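Asker: One structure, as structure tokens, below. Some questions next.
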Amino acid sequence: MSGKTRLAMFVPFLSPIFLGMAPFFGKLAYQSGSDPFTVAAIRTVIAAAILWSLYFIFWRRYIFIYPAGLLGCVVIGTVNGIGSLMYYTGLNLMNASLAQLLNGMYIVFAVAIARLAGHQVTYRTMLRVGLALVALLMLTGASAASINWLGVGLMLGNALLFAGTMLLSQRVLFEMPAQTVTLYVLTTMAVIVVMARVAYGISGPAWVLSSSAMWAIIALGASTALARLTMFMGVKKLGGLQTALIAMTEIGVSLLLTLAFLGESLTSPQWIGVGFLAASILLMRTDENPQGVARDATSLPNMAGLTLFQQMAFDQAFGKNGVEVSPEELEAIRRMMGAAADQPPPARPTTSDELPTAPKAFDPMP
């Protein structure tokens, strides 16, 4: 296994670290006087700005995107953006540790959605889901008098949308690099949450923030950018369901940060629920075949179409400026275009005069 392949396999395991930082930095911002919609809006704008800056400097080729791919990213970003508003509102209504434990229930929704979509779910995965459900009952029922049920509903709503984000992105990532998907999903999220914050600001608090709140939100924005990038790279490599299973380890990161630095605590029955959730995580193994991700994706409608022009667009995106297209990428593109394995790629015109009129792709780079 090459060093590049080993690195690609390791990246998905970084996602839970960055995802687990969200409740910690979010609570720090709340303690400094910020409100949930402001935190969600500014952190997403910062995350998108960080990515655009890095891409313009280092990854310009990943800015290219074709219209159908952009539409897919907009759908995913809208779903994720609405979920983030639910998450930060729910986080404001309960302890960060309990909020993140409830958010970990997205694995239940991910398995349910995958099963409805026709994916095979193993008995081990079903056992893990059962343990996670027991953990949910222990965490919320152990101290029902102090539980904010609106916060519980919001966190579970975000868990549902987050699970949908992972499984929807699997289809889009079959056709595009994870870097491109991350950029446009986060950009869409920024638009959605800023629109919500502006509407909320009609009667809500002003945008004025203390310096401590601003530093917390900047750290939150940086961790968000890294979390989404590593998450989508994981979905591309391992598939949506397996990445969701790995991402559950973010709960451990959140518990360590919130219990150590925010002074939060759980009751004894809730710690038993944590034990059930830990058992669910420890049962993790390769429940789906990474090599089967592409095969499953080919059974879905092809977003890019079956035209020569779209293949040329991919070649422009990944092959210009001296960047070589790997045999694996070329084969994936040819499968996406519906070409047979033994069929040579179609001949390309060599001059602009020979090019017929093609659908215009969206490329913000001149």
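Taken together, the values in this text are just the output of simple stated rules run on the coordinates, not laboratory data. This structure is a prediction, so every number in the text was calculated from the model and none was measured. Cβ: placed from backbone, ideal geometry, glycine included. Neighbour counts: every protein chain shown.
Asker: Relative to the present Cα-Cα distance, how much length would full extension add between Leu14 and Leu283 at 0.36 nm per residue of separation?
Answerer: Here the segment from Leu14 to Leu283 would lengthen by 94.9 nm.
Asker: Taking 0.36 nm per intervening residue step and subtracting the Cα-Cα distance, what contour gain separates Ala117 from Phe58 on full extension? Intermediate values should be presented prior to the final figure.
Answerer: Numbers: separation 59, 0.36 × 59 = 21.24 nm, distance 3.75 nm.
Once the chain is fully extended between Ala117 and Phe58, it gains 17.5 nm.
Asker: Around Thr258, with a cut-off of 9 angstrom between Cβ atoms, what is the net charge of the other residues, counting Lys and Arg +1 and Asp and Glu -1?
Answerer: 0
Asker: Separate question: Work out how far the C-alpha atoms of the range 60-183 reach from end to end along every principal axis, then list the three figures in whole Å, largest first.
Answerer: Computed over the Cα atoms, the extents are 53, 36, 20 Å.
Asker: To continue, here is another question. I'd like the Karplus ³J(HN,Hα) series for the range 54-64: coefficients 6.51, -1.76, 1.60, θ = phi - 60°, whole numbers in Hz, and an x wherever there's a Gly or Pro.
Answerer: 5, 5, 5, 8, 10, 10, 4, 5, 7, 6, 4
Asker: Related question: If the chain between Trp149 and Ser32 were fully stretched, how many nm would it gain, using 0.36 nm times the residue separation less the Cα-Cα distance? Mind dumping the intermediate values first?
Answerer: Numbers: separation 117, 0.36 × 117 = 42.12 nm, distance 2.45 nm.
Once the chain is fully extended between Trp149 and Ser32, it gains 39.7 nm.
Asker: Name all residues of the range 79-101 having a backbone nitrogen under 20 Å from the label point set 7 Å from the Cα of Trp271 along its Cα→Cβ direction, giving them as ranges.
Answerer: Flagged as within label range: 95-101.
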